[in-house]
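*Asks:* This structure is in structure tokens; I'll ask about it shortly.
The values are calculated or read from the model by the stated rules, or taken from the named source; none is laboratory data. What you are looking at is a predicted structure, and each value in this text was computed from that prediction instead of being measured. Virtual Cβ from ideal backbone geometry, glycine too; neighbours counted across all protein chains shown. Calculation scope for accessible area: heavy atoms of the full protein, side chains included, ligands and nucleic acids excluded. Shrake-Rupley method; radii C 1.70, N 1.55, O 1.52, S 1.80 Å.
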Amino acid sequence: IELADGDLKLAAEDEYKTALEKRDFYVRQCDDLKESRERLRTVVAEIDAAMAEQFAKAFKEIGVHFQDIFSRLGGGTAHLALTDKEHILEAGVEIYIRPPGKKQQSLTLLSGGERALTVIALLLAFLAYHPAPFCLVDEVDAALDEANVERMARYLKNYSGATQFIVITHRRKTMEAANTLLGVTMEEKGVSRLLTVKVDELLKEGT
């Protein structure tokens, strides 16, 4: 190759071949990346489709349990709804409740006791769909009136064959439904003692 000043660049052909090889290498790399991107997109789409199908199935079954448990706990009707049925994985969940003698309302418009009952029913619906060995709840009945506390305690007692419930509570009706009571007493000032009462054993003894 003859340069503008008349000199010859003897290494120009070699440099051109080297540059061409680099270009071909980068082109192959880009093609590989594009192919990998498309494969990843396909895999992600397949995973999303499988997740959406599983979620839709679980959501439907949990909704059935939720309606049944809510009606057994406090009466009325309840159902779950997606905010966007076309895009399930990005959709939100709406909870609609119709307490006895009232019109249907969203969760945010319910009273404190009604919201507590709804949350309890939803928790139990999850457990009904996918049972767990045990469940720990803390003062979950605090906002309930006596009638709903009794219904909840009765439901937990009947359900406890599949799941062991550990309930932290100060409500008498909940305690009455327990198989075992654990408490802390202070017989002397500043001295605490753990107290355990096996309710089932006392009942068998006729106490």
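*Asks:* Given the residues GLU150, GLU114, GLU94, GLU86, which is the only one that is open to solvent by 60 Å² or more (accessible area, probe 1.4 Å) and closer than 30 Å to GLN164 by Cβ? Write out each step before concluding.
*Replies:* Working: GLU114 fails: open to solvent by 60 Å² or more (accessible area, probe 1.4 Å); GLU94 fails: closer than 30 Å to GLN164 by Cβ; GLU86 fails: closer than 30 Å to GLN164 by Cβ.
It is GLU150.
Yes or no, residue by residue, for (1) modelled with pLDDT of 90 or more; (2) open to solvent by 70 Å² or more (accessible area, probe 1.4 Å):
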| position | (1), (2) |
| --- | --- |
| LEU10 | no, yes |
| TYR16 | no, yes |
| GLU38 | yes, yes |
| GLU46 | yes, yes |
| ALA58 | yes, no |
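*Asks:* Follow-up question, since we're still on this one. I'd like the full set of residues that are without any contact (Cβ under 8 Å) to a residue 24 or more places away in the chain and surrounded by 10 or more Cβ atoms within 10 Å (Cβ to Cβ), limited to segment 157-170.
*Replies:* Across segment 157-170, the qualifying residues are LYS157, ASN158, SER160.
*Asks:* For segment 49-73, enumerate the residues that are among the acidic types (Asp, Glu) and either farther than 17 Å from GLU94 by Cα or in contact with a Pro (Cβ under 6 Å, 6 or more places away or on another chain) (or both). Don't jump to the end; show me each part of the working.
*Replies:* Filtering segment 49-73 for residues among the acidic types (Asp, Glu) gives 53, 61, 68.
Residues satisfying the conditions are GLU53, ASP68.
*Asks:* Right, VAL119: open to solvent by less than 20 Å² (accessible area, probe 1.4 Å) and out of contact with any Leu (no Cβ under 8 Å at 6 or more places or on another chain) or not?
*Replies:* no
*Asks:* Where in segment 98-207 are there strands (runs of 3 or more DSSP E), lying wholly inside it, with at least 2 residues that are acidic (Asp, Glu)? Lay out the reasoning, then the answer.
*Replies:* Working: elements: 134-138, 164-168, 180-188, 191-198.
It comes to 180-188.
*Asks:* Cβ-Cβ under 6 Å, sequence separation 6+ or interchain: first residue in segment 50-64 and within 15 Å of ALA81 (Cα to Cα), partner open to solvent by 80 Å² or more (accessible area, probe 1.4 Å) and assigned to a helix (DSSP H, G or I). Which pairs?
*Replies:* So the pair list comes out as GLU61/TYR129; ILE62/TYR129.
*Asks:* For segment 98-132, which residues satisfy the criterion of being farther than 17 Å from LEU144 by Cβ and among the hydroxyl-bearing types (Ser, Thr, Tyr)?
*Replies:* Hits for segment 98-132 are SER106, THR108, TYR129.
*Asks:* Answer yes or no as to whether PRO133 is open to solvent by 60 Å² or more (accessible area, probe 1.4 Å), within 22 Å of the chain's Cα centre (by Cα) and not small (Gly, Ala, Ser). Outline the logic, then answer.
*Replies:* Working: open to solvent by 60 Å² or more (accessible area, probe 1.4 Å): yes; within 22 Å of the chain's Cα centre (by Cα): yes; not small (Gly, Ala, Ser): yes.
So PRO133 fits the description; yes.
*Asks:* Suppose we filter LYS173, LYS189 for residues that are out of contact with any strand residue (DSSP E or B) (no Cβ under 9 Å at 6 or more places or on another chain), over 17 Å from PHE134 (Cα atoms) and either at pLDDT 85 or above or open to solvent by less than 70 Å² (accessible area, probe 1.4 Å) (or both); which single one remains?
*Replies:* Details: LYS189 fails: either at pLDDT 85 or above or open to solvent by less than 70 Å² (accessible area, probe 1.4 Å) (or both).
Of the residues listed, the single one that is out of contact with any strand residue (DSSP E or B) (no Cβ under 9 Å at 6 or more places or on another chain), over 17 Å from PHE134 (Cα atoms) and either at pLDDT 85 or above or open to solvent by less than 70 Å² (accessible area, probe 1.4 Å) (or both) is LYS173.
*Asks:* Name every residue in segment 97-109 that is open to solvent by 40 Å² or more (accessible area, probe 1.4 Å) and not β-branched (Val, Ile, Thr), in order of residue number. Step through it out loud before you land on a result.
*Replies:* Start the filter on segment 97-109 by keeping residues that are open to solvent by 40 Å² or more (accessible area, probe 1.4 Å), which leaves 98, 100-104, 107-109.
Once the filter is applied, which keeps residues that are open to solvent by 40 Å² or more (accessible area, probe 1.4 Å) and not β-branched (Val, Ile, Thr), segment 97-109 yields ARG98, PRO100, GLY101, LYS102, LYS103, GLN104, LEU107, LEU109.
*Asks:* A follow-up question, please. Only residues in segment 65-90 that are at positive phi and modelled with pLDDT under 90 count as the first member; pair them with residues that are in a loop (DSSP other than H, G, I, E, B) and of a type in the set (A, V, I, L, M, F, W, C), Cβ under 8 angstrom, at least 6 apart or cross-chain, and list the lot.
*Replies:* That search, which allows pairs on different chains as well, returns nothing.
*Asks:* Mind checking which residues of segment 121-138 are touching a strand residue (DSSP E or B) at 6+ places or on another chain (Cβ under 8 Å) and within 19 Å of VAL64 (Cα to Cα)? Show your work before the answer.
*Replies:* Residues of segment 121-138 that are touching a strand residue (DSSP E or B) at 6+ places or on another chain (Cβ under 8 Å), as a first pass: 121-123, 127, 133-138.
Across segment 121-138, the qualifying residues are ALA121, LEU122, LEU123, LEU127.
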